[in-house]
Amino acid sequence: MRIGLGLDVGGTKILACAITSSGELVAETKVDSPRTPELLLEALTEAAEAIVDLVGSRRHEIAGVGVGVPSLVTSDGTLYSSPNLPALEGLPVREAFASRLHDMAEESGASTGSWNLVLDNDATCAAAGEWAFGAARGFDEAVILTLGTGIGGGVITAGRILRGRYGFAGEVGHMVIDPSGPTCTCGRSGCLEQFASGSALGRLGREWAEAGRAPRLVELAAGSISTIRGEQVLTAAREGDASALAIFAELSSSLATGISNIAEILDPSVVILGGGLADAGDILLSAVRTAFARDGRRGSGPQAIPVILAELGPRAGAFGAAAEGIGLVS
Ligand SMILES: [Zn+2]
């Protein structure tokens, strides 16, 4: 059976997974993310060596490697426009990493003598993972939103990942939903991720607390409003705190606007919500469904588009990268 390796570069750790072509987890490990961007290649090499070691006697079955990075990636594997990895912009990372993997593949007894290598945006990888093995399985038209610090996205259309001219398609987090909104990391104002990401949940919490409308959040933050994050809002919401639930409703209303815009353009069969914010589960889902049914033209009625939760959790990106590495998804 073919084994794919998936390396997902996160803010603090690189998650490395080895999976079979049917999505069975063979091995998993984490290494520290590079302290400086210049060390990215070293960290990727360390992660690859660690996961190959864990695959052990099955290493000859490895057929490909996928890497998910928090950056736009051109179709030839060059990093482009990454607020998190600015020093690497324009670097042909795929090419450089491929030469490092060459010896590892030979030593592992790869039947083809080398491993296929794919470098892709991390949210696109998460979409690929959910499509190959998770909540989007079986849907030829799907949109997967990764709600984390920002909002990443991936679009499946006609059974393939929508790539666009340069490989940048699916950046739904930077869809402007309110031009008078907060300034975004991309330089524009009022992008969806400013209103509906995990970070936005924390910002809304602080705003409500400052306005004296969220006493429970102030309590949870031991009186220090500036330290309120999304976690406290979720904790309060789970307790049934009315203010926290209203904050979720406000965030979900923005998210529903974004989903509605996406639905008008792409007509997907399903919209899937993943990423850290999706840990809120039914609290998020029911708020989004309510807002989408109210505000979205495709939120209700016979052609309503279902909104559901992702299934792979924090492994989605690594699983998708591995799936791309062995050509299950392209
Ligand atoms: Zn933006």
Mean projection area, nm², convex hull over Cα of the chain: 16.9
Interchain or long-range residues, amide H under 5 Å from Leu119's placed H: Val67
Listed residues Ile144, Ser71, Ser114: farthest to the positive end of the dipole of the stretch 1-146 (Cβ charges): Ile144
Rounded to 5, percent antiparallel among DSSP beta bridges of the stretch 64-169: 60
Residue-wise HN-Hα coupling along the stretch 198-215, computed from phi with Karplus coefficients 6.51, -1.76, 1.60 (Hz; x: Gly, Pro): x, 5, 5, 4, x, 4, 4, x, 5, 5, 5, 5, 4, 7, x, 9, 9, x
Cα-centre dipole for the stretch 222-274 with unit charges at Cβ (Lys and Arg positive, Asp and Glu negative), debye to 20: 140
Within the chain, longest stretch clear of exposed trypsin sites (Lys or Arg not before Pro) (DSSP loop, no more than 14 other Cβ within 10 Å): 36-136
Globularity index of the stretch 116-177, i.e. its alpha-carbon radius of gyration over 2.2 N^0.38 Å: 1.07
The chain: antiparallel DSSP beta bridges as a percent of all, rounded to 5: 55
Proportion of all alpha-carbon pairs of the stretch 3-131 beyond 25 Å (%): 18
Rg/Rh ratio calculated on Cα atoms of the stretch 201-276 (Kirkwood radius): 1.09
Value of [θ]222 nm, deg cm²/dmol, for the chain, DSSP H segments ≥ 4, -39500 (n - 2.57) each, nearest 500: -12000 deg cm²/dmol
The stretch 223-330: GluC sites (Glu not before Pro) falling in loop per DSSP and having at most 15 other Cβ within 10 Å: Glu239
Degrees between helix 242-266 axis and first principal axis of the chain (Cα, 0 to 90, nearest 10): 60
Charge dipole (debye, nearest 20) of the chain; +1 at Cβ of Lys and Arg, -1 at Cβ of Asp and Glu: 640
Within the stretch 241-283, backbone nitrogen closer than 13 Å to the virtual label 7 Å beyond the Cα of Glu207 toward Cβ: 247-255
The chain - percent of accessible surface contributed by carbon and sulfur, probe 1.4 Å: 50
Contact order normalised by residue count of the chain, Cα under 8 Å, 6+ apart, percent: 21
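Once you keep just the Cα pairs under 8 angstrom separated by 6 or more residues, what percentage relative contact order results for the stretch 210-324?
Answer for the stretch 210-324 is 24 percent.
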Karplus 3J(HN,Hα) series, Hz, for the stretch 282-290 with 6.51 cos²θ - 1.76 cosθ + 1.60 (x for Gly, Pro): 5, 4, 5, 4, 5, 5, 5, 4, 4
Note, ³J(HN,Hα) from phi for the stretch 216-227, Karplus 6.51, -1.76, 1.60, rounded to Hz, x at Gly and Pro: 5, 5, 4, 4, 4, 8, 6, x, 9, 4, 5, 8
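For the stretch 27-93, take the alpha-carbon Rg, divide it by the Kirkwood Rh, and send me Rg/Rh.
Values: Rg = 13.5 Å, Rh = 13.2 Å.
Rg/Rh: 1.02.
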Accessible area in square angstrom per residue, the chain, 1.4 angstrom probe: 43
Cα-only radius of gyration and Dmax that characterise the stretch 280-325, units Å: 14.4, 41
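The values are calculated or read from the model by the stated rules, or taken from the named source; none is laboratory data. If you're wondering where the values come from, they're calculated on a predicted model, not measured in any experiment. FYI the Cβ positions are ideal-geometry reconstructions off the backbone, even for glycines, and counts take in every protein chain you see. All accessible areas refer to the heavy atoms of the entire protein, side chains included, with ligands and DNA or RNA removed. Shrake-Rupley method; radii C 1.70, N 1.55, O 1.52, S 1.80 Å.
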